[in-house]
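One structure is given here, and the rest of the page talks about it.
The values are calculated or read from the model by the stated rules, or taken from the named source; none is laboratory data. It should be emphasised that the depicted structure is a prediction, and the values quoted were computed from it without experimental measurement. Counting neighbours? That spans all protein chains shown, and the Cβs are built from the backbone with ideal geometry, glycine included. Just the protein is used for accessible areas: all its heavy atoms, side chains included, with ligands, DNA and RNA removed. Shrake-Rupley method; radii C 1.70, N 1.55, O 1.52, S 1.80 Å.
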Amino acid sequence: MGKKAILTKYDYHKNCLIREINAVKSIKIPTQNYSINHTDLADWIIDVSSPKELEMLLSEIRIVKKRTNNIKPFLAIIAVGLVNKAE
C-alpha cells in the first residue's frame, strides 16, 4: 500500500493558488505587449513569494472572489507587478 503524503501548510497554499489560477487560461499584461498563461503565472508567484506572502495572496483572492467572481483583473495586476519587479 502507498504512503499517504502529509501536506505542509505551504504545500496546501501552493495547491490552492494553482487551483485558483487554473480558472484563468491566460492573462494579458496591459502595460506591455505580453501575455502569460496560468501555469507560468502560478509558478512565478510561487517562486518569488515567501510562505507568508502566499498565504496573504490567497486571502486577498478570497476577498476578490466574494466581491466578484472574476479574479482575472486582480491577477493581471499581480502579473504587472511581477514583470515590473523583474525589470
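So here's what we get for this one:
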{"read-out": "Verdict on Glu20 being acidic (Asp, Glu) and touching a residue at least 24 places away in the same chain (Cβ under 8 Å)", "value": "yes"}
{"read-out": "Residues satisfying the stated conditions in segment 45-87, i.e. under 17 Å from Tyr12 (Cβ atoms) and outside any helix (DSSP H, G or I)", "value": "Ser49, Ser50"}
{"read-out": "Segment 50-81: number of residues that are without any contact (Cβ under 8 Å) to a residue 24 or more places away in the chain and touching a Phe, Trp or Tyr at 6+ places or on another chain (Cβ under 8 Å)", "value": "2"}
{"read-out": "Of the criteria (1) at pLDDT below 90; (2) open to solvent by 90 Å² or more (accessible area, probe 1.4 Å); (3) of a type outside the set (Ser, Thr, Tyr), which one Arg19 fails", "value": "(1)"}
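Here is a yes/no grid of residues against (1) within 13 Å of the chain's Cα centre (by Cα); (2) within 19 Å of Ile77 (Cβ to Cβ):
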site	(1), (2)
Asp11	no, no
Glu20	yes, yes
Lys28	no, yes
Asp40	yes, yes
Asp43	yes, yes
Ser49	yes, yes
Leu58	yes, yes
Lys65	no, yes
